[in-house]
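First up is the structure itself, then whatever we jot down about it.
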Amino acid sequence: MMNRKRLGIIIFDDIEVLDFCGPFEVFSVTRLNEELRREQVSPFDISLIAQYDKTIVTTGGMKVTPGVTFANCPQLDILVVPGGWGTRREMYNDILLDFVRQQATNVETLASVCTGALILGNAGLLNGLRATTHWGSLEMMQQLFPQVIVDSTSHVVSQGKVITSAGISAGIEMALQIVAQYYGENIARSTARHMEYSYPENNKRRVVL
């Protein structure tokens, strides 16, 4: 019996679609044995988590139904906090911040995509760490969180159990890094190949600032 990692992705109104769907796709198609892809399941047991048990609407108008709420979410092994315009509101949502802080004390890995880092920053979880976010929010991050060492050159920044990533598509590479961290680079490369996604050979930010 496979010991699956319990992984949660927070969703909220005005979330960026690829911020959560990119990592979701990576984690959901991961297999430990490529030859048994159809017979096996992913080693990640994934849940979409929202504050309330109701449909959320993304920045592009996609409607998404969460699987669990903050109130009934089990303790996770991995928590992913995506970004989008909604973070400008959610980074001041005390209920969400408390949920993230509570999970952060016990998770093995805490990750953000894009401006999801603003939520981690306002929760006090990035103080003293290197971190990154969407290129358009790097200056905001530095102004709001002077105790954070803002990294403007890396696509993914790993600091112990905390991982932050640059804008939108960077969440895919962040997720592949998590796959490699748990199951090795060969499994991560196999996952990228299945997705027909070029495995990142370096960690340089793709957008020239």
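The values are calculated or read from the model by the stated rules, or taken from the named source; none is laboratory data. These figures come from a predicted structure and were not determined experimentally. Note that each Cβ is placed from the backbone with ideal geometry, even for glycine, and that neighbours are counted across all protein chains shown.
Structural remarks
- Contacts under 7 angstrom Cβ, first residue in the stretch 62-88 being loosely packed, with under 14 Cβ neighbours inside 10 Å, partner at pLDDT 95 or above and assigned to a helix (DSSP H, G or I), 6 or more apart: M62/V17
- Residues located in the stretch 12-37, provided they are part of a loop (DSSP other than H, G, I, E, B), surrounded by fewer than 23 Cβ atoms within 10 Å (Cβ to Cβ) and out of contact with any Ser or Thr (no Cβ under 6 Å at 6 or more places or on another chain): D13, R31, L32, N33, R37
- Annotation: of all residues in the stretch 100-138 being of a type in the set (V, I, T) and more than 15 Å from V150 (Cβ to Cβ), the one that is nearest to the chain's Cα centre (by Cα) is V113.
- Members of the stretch 101-131 that are touching a helix residue (DSSP H, G or I) at 6+ places or on another chain (Cβ under 6 Å), farther than 21 Å from V26 by Cβ and part of a loop (DSSP other than H, G, I, E, B): A123, L125, L126
- Residue within the stretch 177-188 that is under 12 Å from A111 (Cα atoms), crowded, with 16+ Cβ neighbours inside 10 Å and either in contact with a helix residue (DSSP H, G or I) (Cβ under 6 Å, 6 or more places away or on another chain) or modelled with pLDDT of 95 or more (or both) present: yes
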